[in-house]
Amino acid sequence: MQHRVVITGIGAVSPMGNDAKSFLDSVFASKTGIAPITHFDSSNTGVTLAAEVKDFDPLQRLDKKVSKRMDDFSRYAVYSAMEAMEQAGLKKGEYDPKELGVIYGSGIGGLTTIQQQAIKMSKKGPGRVSPFFVPNSIINMAAGNISINLDARNTSQAIVTACASGTNAIGDAFERIQYGKAKMMITGGSEASVNELGISGFAALSALSTAENVEDGSMPFDKDRNGFVMGEGAGTLVLEDLEHAKARGANILGEVVGYGTNSDAYHLTAPRPDGSGAMDAMKLALEDAGISTKDVDYVNAHGTSTHANDSAESKAIASVFSDNDHIKVSSTKGMTGHALGAAGSLEAVIMVGALQRQQMPVNVGLKNKDPEVEVDLVNEDNKKAPVNYEISNSFGFGGHNAVLAFKKYEDD
């Protein structure tokens, strides 16, 4: 028997607020977190804009000594996980730690630590490399630090599927509860790559927007889109077996009902031009959820604001939902930027917000819709509508495709 899986807590560290409520308030007010880069002098990179985490104080939740031994990607992860657990009403000592697991994603991990220590080694020699270099930088340490700080003794895993990492992590956590291997899971993704190396690397791929004005930066599905704007942060969900949640009187925020994942098996960085990999992943998620294409009210698109992604994805969505005359689509990366391994998890927090508020997030950044984009995009006029079923897409370099299906919770 498969167990129903519900969401009982959410947490966020983002370019638009460092808690879930502030983040969602900004998203549903169509505010953007994109601004000129302040983390470093980016003038030599040719890139001006990013969606940076702002005014983040880890010591509001983390011990100073513990925080000092983490890269920002781990700090964001642990901080948002603590918020999600608080909202879920799960306190250390009051749950069975062997029933609580962690599956957490990141596309790159501790890139700032890698950059800093490589510079130190080059300038001062290998003897000056920090003993915390490895435990600060390796990607599994977001999951490891969450597990240690929240006493989660079920599985602890790291998922690395580039920009699909957060979504794959949530999907894998969903399946672990679904098949009875855990009662509770902390899951999501984090990223902290707005630094010289991260920006320079993606700029070398010609993937980043070189716009200087915020309104010309991230423009999903716009005919003049010119690349993505780098984002950062973390989104965390607490997933729980429905019966376990009900038995302790938890406040249920929504339900995860389906998960589809596959590979394009096509190119290192480009999606299949016909969108067939994305189409199949969406179909897998719908099949897993046991719902039809007509049931879905909203699609949160991967929508990176690159020509290749938006073109292929819009074709895929239009094809899969060709019989659905009410479905709406938006990318939220016009507000959050593209947070790489954290993108899908921040978008999952937004999906919970859409279910709770019965409102879809606007496709911010759009000025002139690309005529090749055939989907109906969310705008200020149509954003308030019933949201019962929704899906969220994430696609990563290497051909990784991941799709989650969410449902408004009903006790039936």
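Residues of the range 380-408 that are open to solvent by 20 Å² or more (accessible area, probe 1.4 Å) and farther than 15 Å from His326 by Cβ: Glu380, Phe395, Phe397, Gly398, His400, Lys407, Lys408. In the range 1-29, what residues are open to solvent by 30 Å² or more (accessible area, probe 1.4 Å) and over 18 Å from the mean Cα position of the chain (by Cα)? Those that are open to solvent by 30 Å² or more (accessible area, probe 1.4 Å) and over 18 Å from the mean Cα position of the chain (by Cα): Met1, Gln2, His3, Arg4, Ala29. Residue selection: Gly171 fails the criterion of being surrounded by fewer than 21 Cβ atoms within 10 Å (Cβ to Cβ) and part of a helix (DSSP H, G or I). Quick check on Lys64: is it touching a Ser or Thr at 6+ places or on another chain (Cβ under 9 Å), basic (Lys, Arg) and surrounded by fewer than 18 Cβ atoms within 10 Å (Cβ to Cβ)? When the stated conditions are applied, Lys64 does not pass them. For the range 236-287, taking the residues that are touching a helix residue (DSSP H, G or I) at 6+ places or on another chain (Cβ under 8 Å) and β-branched (Val, Ile, Thr), the one that is most open to solvent (accessible area, probe 1.4 Å) is identified as Thr261.
Could you tell me whether the range 337-360 includes any residue that is touching a residue at least 40 places away in the same chain (Cβ under 8 Å), on the phi > 0 side of the Ramachandran plot, not in a loop (DSSP other than H, G, I, E, B) and not charged (D, E, K, R)? There is at least one residue in the range 337-360 that is touching a residue at least 40 places away in the same chain (Cβ under 8 Å), on the phi > 0 side of the Ramachandran plot, not in a loop (DSSP other than H, G, I, E, B) and not charged (D, E, K, R).
Quick check on the range 113-122. Is at least one of its residues in a loop (DSSP other than H, G, I, E, B), open to solvent by less than 80 Å² (accessible area, probe 1.4 Å) and either within 28 Å of His244 (Cβ to Cβ) or out of contact with any strand residue (DSSP E or B) (no Cβ under 6 Å at 6 or more places or on another chain) (or both)?
If we filter the range 113-122 for residues that are in a loop (DSSP other than H, G, I, E, B), which is where we start, we get none.
For the range 113-122, residues in a loop (DSSP other than H, G, I, E, B), open to solvent by less than 80 Å² (accessible area, probe 1.4 Å) and either within 28 Å of His244 (Cβ to Cβ) or out of contact with any strand residue (DSSP E or B) (no Cβ under 6 Å at 6 or more places or on another chain) (or both): absent.
Scanning the range 91-112 for residues being open to solvent by 20 Å² or more (accessible area, probe 1.4 Å), within 20 Å of Asn154 (Cβ to Cβ) and not small (Gly, Ala, Ser) gives a total of 8.
Yes/no matrix, rows are residues, columns are (1) more than 26 Å from Glu287 (Cβ to Cβ); (2) at pLDDT below 95; (3) among the hydroxyl-bearing types (Ser, Thr, Tyr); (4) touching a Leu at 6+ places or on another chain (Cβ under 8 Å):
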site: Glu212; (1), (2), (3), (4): yes, no, no, yes
site: Met219; (1), (2), (3), (4): yes, no, no, yes
site: Ala245; (1), (2), (3), (4): no, no, no, no
site: Arg248; (1), (2), (3), (4): yes, no, no, no
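The values are calculated or read from the model by the stated rules, or taken from the named source; none is laboratory data. None of these values were measured; they are calculated from a predicted model. Because the Cβ atoms are built from the backbone with ideal geometry, glycine has one as well, and the counts that use them run over all protein chains shown. Protein only, heavy atoms only, side chains kept; ligands, DNA and RNA dropped before computing areas. Shrake-Rupley method; radii C 1.70, N 1.55, O 1.52, S 1.80 Å.
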